[in-house]
Amino acid sequence: MSKSLQAFLQARLDGVRTDRRWRRLRTLDGPQQPEQVIDGQPVVAFCSNDYLGLAADPAVVAAAREALDRYGVGAGAAHLINGHTRAHVELEQALARFTGRERALLFSTGYMANLALVQTLAGRHDTVFEDRWNHASLIDAVRLAGARSQRYRHADPGHLRERLEQAPDRGHRLIVTDGVFSMDGDIAPLPELAALAREFDAWLMVDDAHGLSVLGATGGGSCQHHGLGADDVPILMGTLGKGFGTAGAFVAGSEALIEALIQTARPYIYTTAMPAALAAATLASVRIAEAAEDRRAHLQGLLQRLGAGLDRLGLQHPPPVTPIQPVHIGDTRRASAVAERLLAAGFLVPAIRPPTVPEGQARLRITLSAAHTEAQVDALLRALEQALEQVSP
Ligand code: PMP
């Protein structure tokens, strides 16, 4: 390697280390499920986004296997060339039905779906109103689209109204929000955002990566949770690598929205289609998710149990409605030490530290899955109590 390249990379890495932002890869052996072996250590994991326990579900795995036999592995080309199989078509139709939208379009990742959506809907002359705590892919999407960005305070419709009132009267306005916030686990105030969108002739786009399949009677996500439909949220994005247990993403909306993405969105046009086997596996998981009242009820029961236990320990956490339950610890060093003690006791719970969250707001990010048992949640609470006793504030 050239000396200048080596020096450049070393300086970047030193910077990351000095900023205490170093991240470490762990190696998982075996499927994504609560009891797993990671870096050679058996643990019960409380950090995955497989909220319904579908990632290793036998019906989902069987659908993938069958489709592998029929279609092979690689899609071989982009959707618009010849990578768009019958399996993709069937999944898109199922997702449109699932979300109650006219049409749906698949993407290989949620990151790309967000890039595609924002660049299709907003350009240099337009303004995008973003919740301050939106997911990184949304923030990057606005930057790449070159649109004017107006951030409003987290989940604060009053502040959004101010921003809308102050915005220059040129171009159009797009309001973008997570449905369920990925680090905090709270649900966006969608009815208020939809009302503001109507009043100011803005377009509302919701990234419901963490809400779809989990919230609402049939898993319709944060929109269904709030009783909102396509008229309120015309632009809906969902990921498949979380509650649906597979990988990839989709956009759901009107016929015109989907056709505009197909015709103009570079992250759609210039990339290889997801493997057909993945689409087939996801079709199986969408069918399970639609009728998964039992899994959702079990998950809600676990959340109530966890919430009550955290209350007993005097720990701050959001209302136990979504499976993302960040537990406030405060001090960064203490949060890391508690996470290490939990790992030593066999529980994988990540500590979220600055700069991901502000100084003094370090937390443990617990996520629950319908695949967890009550006994596992109770054991986690006991281990947490002990770890907090051992690590002084
Ligand atoms: N949006 C949100 C809210 C997310 O949490 C994530 C994944 N962490 C994404 C988008 C990106 O989705 P994907 O992992 O499919 O790229």
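We did not get these values from a lab; they are worked out from the coordinates using the rules stated. Since the model is a prediction, treat every value here as computed from it, not as a measurement. Please note: Cβ atoms are built from the backbone with ideal geometry, for glycine as well, and neighbour counts cover all protein chains shown.
Miscellaneous remarks
- Scanning the range 343-390 for residues that are without any contact (Cβ under 8 Å) to a residue 24 or more places away in the chain and within 22 Å of residue 181 (Cβ to Cβ) turns up 351, 358.
- One residue alone among 339, 335, 371 is surrounded by 22 or more Cβ atoms within 10 Å (Cβ to Cβ), aliphatic (A, V, I, L, M) and assigned to a loop (DSSP other than H, G, I, E, B), and that residue is 371.
- Just one residue in the set 170, 124, 151 is surrounded by fewer than 19 Cβ atoms within 10 Å (Cβ to Cβ) and not in a loop (DSSP other than H, G, I, E, B); that residue is 151.
- Exactly one residue out of 161, 124, 153 is basic (Lys, Arg), in contact with a His (Cβ under 8 Å, 6 or more places away or on another chain) and either farther than 18 Å from residue 253 by Cα or away from the ligand (no atom under 16 Å from the Cβ) (or both), and it is 153.
Per-residue answers, yes or no, for (1) surrounded by fewer than 19 Cβ atoms within 10 Å (Cβ to Cβ); (2) more than 23 Å from the chain's Cα centre (by Cα); (3) more than 30 Å from residue 372 (Cβ to Cβ); (4) free of Cβ contacts under 8 Å to residues at least 40 places away in the same chain:
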site	(1), (2), (3), (4)
12	yes, yes, yes, yes
17	yes, yes, yes, yes
24	yes, no, no, yes
77	yes, yes, yes, no
83	yes, yes, yes, no
100	yes, no, no, no
119	no, no, yes, no
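- The conditions of being of a type in the set (A, V, I, L, M, F, W, C) and more than 18 Å from residue 57 (Cβ to Cβ) are met by residue 252.
- The set of residues from the range 206-243 being out of contact with any Asp or Glu (no Cβ under 9 Å at 6 or more places or on another chain), assigned to a loop (DSSP other than H, G, I, E, B) and within 15 Å of the ligand (Cβ to nearest atom) comprises 212, 214, 240.
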